[in-house]
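The structure under discussion appears below in the form of structure tokens.
Computed from the coordinates by the stated procedures, all read-outs in this text should not be read as laboratory data. For clarity, every value in this text was computed on a predicted model and none was experimentally measured. Don't worry about glycine lacking a Cβ; one is built from the backbone with ideal geometry, like all the others, and counts go over all protein chains shown.
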Amino acid sequence: MLLWFIYQEPFIALKLDNEHGNWVIKDIYYEDWAKEKKISIGDTVLKVNDTAIDDNKIYIQDQGIRAARKLTLLKQAGDIVDVKVNHLDLPKQLFIQLIIPACYAGIVFILALYLYKRKGHEQTTFQLILLMLCLAMAYEVWALLID
């Protein structure tokens, strides 16, 4: 369940700068992805997830966009373009933030069940199970923080 919260929106990491009231892209973390989507430094961000960028204080305070499902950009040539962001566009991110933590949590959960069935009545075994489950949850949270 924690992984669902972590991976609601793909992490895109665009740094913005306010130039005369317009939010302009100044830096791009995933350059290959941006090139594929025809996003370039100097484009103006109009909307994020169908909401005007000026209406969302988080983007203004951070001067950047960490995650989004859809961007509306004003290209330097004057065209307005909608860019949909899909999790599958960033496969490395998909593995690091979703697949590997989910597999790890699943293995730990199965191992914890096995230990509980075999020796769950012993206090040290129960403490080991709790430690394993806490580490699995911490690993899932770490997947969020590596953004």
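General remarks:
- The combined condition, being touching a Leu at 6+ places or on another chain (Cβ under 7 Å) and over 30 Å from Met132 (Cβ atoms), is not fulfilled by Val108.
- Hey, Ile129 more than 22 Å from Ala13 (Cβ to Cβ) and either β-branched (Val, Ile, Thr) or exposed (fewer than 13 other Cβ atoms within 10 Å of the Cβ) (or both) or not: yes
- Within this structure, Asp32 fails the test of being farther than 12 Å from Pro10 by Cβ and touching a Leu at 6+ places or on another chain (Cβ under 6 Å).
- Note on segment 28-47: residues that are out of contact with any Ser or Thr (no Cβ under 6 Å at 6 or more places or on another chain), assigned to a strand (DSSP E or B) and either over 12 Å from Ile65 (Cα atoms) or touching a residue at least 24 places away in the same chain (Cβ under 8 Å) (or both) amount to 2.
- Verdict on His87 being touching a residue at least 40 places away in the same chain (Cβ under 8 Å) and not hydrophobic (A, V, I, L, M, F, W, C): yes
- Considering only residues in segment 77-113 that are loosely packed, with under 15 Cβ neighbours inside 10 Å and acidic (Asp, Glu), the one that is farthest from Asn22 (Cα to Cα) turns out to be Asp82.
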